[in-house]
Structures are given as C-alpha cells and as structure tokens.
1. Could you order MET1, MET528, MET535 so the one with the most accessible surface comes first? Probe is 1.4 Å.
2. Within a Cβ distance under 12 Å of VAL464, other residues only, what is the Lys/Arg minus Asp/Glu net charge?
3. Enumerate the whole-percent occupancy of each 5 Å bin, from 0 to the last occupied one, for all C-alpha pair distances of the range 441-502.
4. Which whole number of Å³ per residue matches the convex hull of the alpha-carbon atoms in the range 504-709?
5. When ranked by the protection proxy of mean other Cβ atoms within 10 Å per residue, highest first, what sequence do the peptides 699-707, 672-680 form?
6. How much accessible area per residue does the chain have, counting only protein heavy atoms and a probe of 1.4 Å, in square angstrom?
7. Net charge near ALA216: determine it from the other residues with C-beta under 12 Å of the C-beta of ALA216, scoring Lys and Arg +1 and Asp and Glu -1.
8. In the range 2-283, what % of DSSP beta bridges are antiparallel (nearest 5)?
Amino acid sequence: MFQGKSIRTQWLDERFVELCFDREGSVINKFDAATLQELQAATESIAAAADVRGVLITSAKDGFIAGADITGFPALFASSTGAIQAVFADANKVMNAVEDLPVPTVVAINGFALGGGLELALSADCRVVSTTAQLGFPEVKLGLVPGFGGTVRLPRVASVATTLEWISSGAPRNAEAAKAAGVADEVVAPEALREAALALLRKAAAGEFDWRARRAMKLEAVKQASAEISAVATKTGEAVRKAGVNKHQPAALAAVELIARSALLHRQAALELETETFTRLAQGQAAASLVQIFLSEQLLKKRAKERAKNARSLGKAAVLGAGIMGGGIAYTGANKGTPVLLKDIQQQQLDIGLAEARKYLGKQVASGKLTQQRADGVLASIQPQLDYSNFDTVDVVVEAVVEKLEVKRSVLAEVEAVTRSDAIIATNTSSLRIDDLCVTLQRPENFVGMHFFNPAPLMPLVEVIRGGKTSEAAVATIVKFASSMGKTPIVVKDGPGFLVNRILTPYMLSFMQLVRDGVDFVAIDKAMEQFGWPMGPAYLNDVIGMDTANHVFRIISAGFPDRLRRDASDAVQVMLEQKRLGQKNGVGFYRYEPDPAGKPKKSIDPATYELLKPLQRGAQQLALEQIVERMMLPVIVEAAWCLDEEVVASPHELDMALLLGLGLPQYLGGALKYADWLGLDNVVAMSDRHATLGKHFVVPASLREKAAKGERYYQ
Ligand code: NAD
C-alpha cells in the first residue's frame, strides 16, 4: 500500500492493515520531519482505502520508537516562534489523523516507546505492550514538555495524576506500571505480542468493545472536577520543587501548570496550549543547553568508541598507591570487570584502600544493585600487595602515588622496569606535566595522563592527557579503559592544569580578588549558589582542601605568569597559613561540625572575617549579577584560550568536561555555550568593562573576531 524510508503499510488477513515503523539504515525508529510526512501519507492511504477493518501499528526494530530526532532541535529552536509553532501544529495534524482514522487502531509496543513514540501510541485506541517495554516522556530532561500531544492524550487515556507524575519526572515506566496506570490494555510476553495485538484488533473490529467511546473521551475535557485537578497539580508541583528543581530549569513546573490547565479544554485548544508551552521552553536557555548536552554526550561516546579501535588489549590492570584516589580507582576498575593489582608501600594504606572498596560494594549490596556473591567476587579481584609481583601480567598501570615530581619519576621508572614493553603506564597527577614526568622513562610513548576527579568512583569525568611523546595507542587504550569503567574520557593536551583545573584557576582568582575588594565571601557563595552552582567558591575550597587548592592554583598560575598571576597573599593563602584546611580539619572559610548523620555541617565563623580583614580594601557590596559577572567572565575567557590553544578538540568536549568535572550548572550548557547565550558581542563588552581587573578578564583576539563576524561557538 505505502512504502517509505521509515514506514510501510501492508494488507493482512481479515482486511486489517499493518502500519510498520522500520527506519532504513538504523537500529532504532525515531521521528523526524520525513517520518512525520510518511506517517501522514500512510494514514491518508489507509483512510482512502476501501473495506479496511482495522489498523495494527508495529515496529520491525528491537524497540518501538525512541522519540524525536533531537539533532534537528538546535536549528529549529533558533528559528522564529512562528516557525516552531508551525512544525508542531503540522505534527499534531498527523497525530490527529491517526487518532481519527475511521477504523479501530491497536499498537503493539515491543520495547522503548519514548516521547514521540509514546505520543503516537496514545493516538491509537488500544495498546498491547510486551513485558520488555519501557514507556515514558523524557522531555523535561531536555528542558521541554512533550510536543506531539502527549500532555493532551495521556490524561484522557490514563489520568491527570499519572500524566503529572510521568511527565514531570521524565522517568520511563515498565510494562506492568503502564498497565496499572491504564496506559497499556494488556501486557504479554514478547513472542505473543503480535498475536495478542491482532486478537484485540479483531475484538474491536467485531464491536466487542466500544473503541468509539474511548476515542470520544480523547476529544473532550478530562472528566474530573477542576478542583480535584488543581489539587493534584499543586501536590505534584510541591514534590517537583522539593526534588530540587530550580528556577533555572523550568520545564517540570511548566509541565505541571500546562497539564492542569489543558485538562479542562477540548483536544484542539489543549494541543495549542501544549505547543505554546513547548515553544516558550524551546526558546529558553535551559532547553538550548540540555539539548546540546544530550547531543554532545552522543558525540563523545562516538569519538571514544572510534578511538578505542586503536586500543591495546585490556585484560588486567595495576594501580600504584592505595590512597584516596588509588583505592577508588582500583575499586572502579574491578567493579566493571577488570582485575586489579593494588600496590602501596604501606600495609596500612592497602587496608584503607580495600576498606573503601568494601564500603562502596556494601552500599551497592544494600541498595539491591549487587548480590553479596558478586560483591565478594569484585573484592577478590583486587589483589593488595607491597611488591611488584605479577606486574609483568598487566596491560595497564595507573600511578596514583603522592604528588611529588621526584617520587613520581622514580616510581614510574621502577614500574616500567617490571612491566611488559607494550604495557601502558598512566599517571593520575593533578598538576604535574606529562612531559616533565616522562623523562626517566625508556618508553615515553607508552606513557599518558589519566586524571580522575575526587571521589573517583562517583565523578564521571576522566581527562586523558596526551604528552608530547604519547602514542595514539596509549591514548586509545586509556580512553577505552576509562569508558569500560563507565567514565566519560575527554582527551586533552598536556599543560599546566590540563583543562578543568586550568579553567577553575581564574574563577578562584576572581573569587580572591572579590574578597580583596571587600566583598563578603558568604555573599559570593550565596550569589554563585543562586546562579546554580552546587556550592560557592569559598565552600568549594573547603571541600577540596586548602592545601590541595593552594598547591594546584599556585602551579597553574605559575604556568601562566602573564595572565593568571596570584597576589602575594590572598584568601586561600591566609586560610592555609592559619592551618584552616577546610572540611578535612573542621575549619576553613567555614566551621564544620558533624550532623547527626555524621556529615559535616557548615556554619559561619566570625574569626574568618577577622583573618581576611588585613587583605581587604574596605568593604564593598555588589549586586548578585555583578558578582556572577566577575566570577563567570574569567571562566569564559579561559575556555576560549583553551580552545585556541587546542587543549581540547571542540567546544563540545570543553563544555562537557566543565559540566562533568567542575559541576558547572547544567542550564548553562558549559562555558562556551553560556558565552553563545550571552552573545559574544556582550561578552566582549563585559571584557572591556572589566579589563583593568586583570588579564584573566580579557578575551582572546579570536573571541573578538568571532563576535565581530556575528559567529558563535556552536553553529
Ligand atoms: P594519598 O596521599 O591519599 O595517597 C598516596 C598513596 O601513595 C599513599 O597510600 C602512599 O602510601 C602511596 N605511595 C607513596 N609512594 C608510593 C610508592 N612508591 N609506591 C606505591 N605507593 C606509594 O594521595 P591521593 O590524594 O590519593 O593522590 C594521589 C594522586 O592523585 C596524586 O598525584 C594527586 O595529585 C592525584 N589526584 C588527587 C586528587 C584528590 O582530590 N585527592 C584528585 C585528582 C588527582
């Protein structure tokens, strides 16, 4: 009947028609403009055919439909309000046409039915779902609401309460939950799906149940009192706020408000309200950033996979140093299936390292993610030792001993002598250069940086640092190793602070300058937390530890003496001199006491103000926006320099590293995405305004040129 690139229709027995999604050259089905056009044409051909008794909607892939094709979103969202609304009005016409077919329709959902996939399924009269299926609306995770009628059909098929829950959380539900909510009519084993869906279609076509009545309900307002609807919406809104959704990510609350309002309308008016909300969100900062993050994640995965093709084999690993980092790295590797030799020079440290691993495994057993047997297996695959025995059997070594150049150099030479000539040796240094560390090595081509962030088991980023002599095979092997640990590896060039700590340094310089200029450090923390950071800069120094922070900033500012010079004395230095190391010894900028759960609880310490006074030039109050501008502009400036110097290959990788490594607020999408959002001409104007504060406020010429040409970092 109809044959397209994503959809085909064919006659079945009993004058039923099957409409099958089978996207050419792809393992999944998704909705793009072409697929929507095909759906329209296929629906029209079914509507025009004589004697059709019913339609079965299926997928020829492992899943049903994964959702919309997100690659097209950035260009669409950058177009006009009218253009966005027109696209969704057209899409809704197609979904309506499916819903309004003159015969009964049954969908067989055989796997993921997300976003647009579920919206199509809700346009049909009945849904039969395989036990393996997952149904949901993940749109809020992209800063959006469903746009093909999901907010309109779900409350009329299931209930307003279900709709609020499913859409505001963004979480997919399994088949049983879908059945319980009234979204699925039946749940059957995958092999029985087609027959069960056909059987239901047969019943509907024979008039054994009233599919027309179901359909009529979808055209009207929801049959529930408006006071009840607003009560359940208020409750969901409160839960959303409590879960920490903030003003910077408005989608979940916008969804709640939309659903409550549109439930009272008939289909067309409700669809129009949905499009209006979708468009407003699509033009906002959060959606632009979250969509970009999604696309960048895909890109990063693809790059890591391509790179891993050049990797050497990865059967067994060794970790040197069982301290804070080494213990966590050994556990993470072992937990993902790589046996690890864990070497230290002190038995006590090995005991601490293994105790850490045991603690993480215990948590996973307690939460039901791991069986005790599997946890025991993971622990047994970490071999603690005080010598180099069996180091000739490992493919990769990760060095995580103390951060001292001479110690690391001698340890690295030692380990090179006891490993095979093809073994890759990686260092987890946070501040030393790869090219400075490799001088004692016979095979510097096998040497590379593997920079984890603390705590290693939880932090998703690994910077893979390519030294001047590092081979592609070494980079590829460590990229593969990091990926196998479930981390996101980002390849960066060797240099002071590599990428993430380098960009953190001017941010902290700016913090210390603000303190010097008399701004209250608590006000700075509050401003940055309101702007969306998980913690302000003073608090962050307390968490990192003043000694570590001081050391890292010192080394990095010495690496860029012209642009990132520190004052002779500054706030971090003063705290360190007073042995106020932060959380680790109970006092830094703030004072810490253990709360009932044993976690450090911070309070303001008047002594901090006294200690900072000698540094300060009077007292100054700045508005939140002024603090944010002075803290964030140096981040953008340094990011632009890093891109110019090819520290990292693309804006995508740079921004993802900052999001994953620094905790930069998601809604910014990264430093360069934020610069794009502000407008590069505005960034230049800000830079000119603050140029006298220091060179870390001065944008590179490349940014100025881009601004002059009206370009952006993300085209
Ligand atoms: P740590 O002091 O907790 O642990 C270092 C361990 O190395 C100790 O157990 C020590 O006994 C052991 N060690 C010393 N000499 C050794 C040798 N010759 N052979 C084997 N083991 C030896 O230090 P850490 O915080 O885990 O840092 C380790 C490395 O990770 C450093 O290079 C540090 O810069 C880097 N790093 C640390 C962090 C962090 O936040 N702590 C973050 C990223 C990277």
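The values are calculated or read from the model by the stated rules, or taken from the named source; none is laboratory data. The model shown is predicted, which means the values in this text are computed figures rather than measured ones. For neighbour counting, all protein chains shown are included, and Cβ atoms are generated from backbone atoms with ideal geometry for every residue, glycine included. Protein only, heavy atoms only, side chains kept; ligands, DNA and RNA dropped before computing areas. Shrake-Rupley method; radii C 1.70, N 1.55, O 1.52, S 1.80 Å.
1. On the way: MET1 100, MET528 0, MET535 50 Å².
Of MET1, MET528, MET535, the descending order of accessible area is MET1, MET535, MET528.
2. Around VAL464, the charge tally is +2.
3. 4, 20, 29, 23, 17, 6, 1
4. Value for the range 504-709: 124 Å³ per residue.
5. Packing proxy ranking, top to bottom: 672-680, 699-707.
6. On the way: 29340 Å² over 715 residues.
Value for the chain: 41 Å² per residue.
7. Once positives and negatives cancel, what remains is +2.
8. Looking only at bridges with both residues in the range 2-283, the antiparallel portion is about 30 percent.
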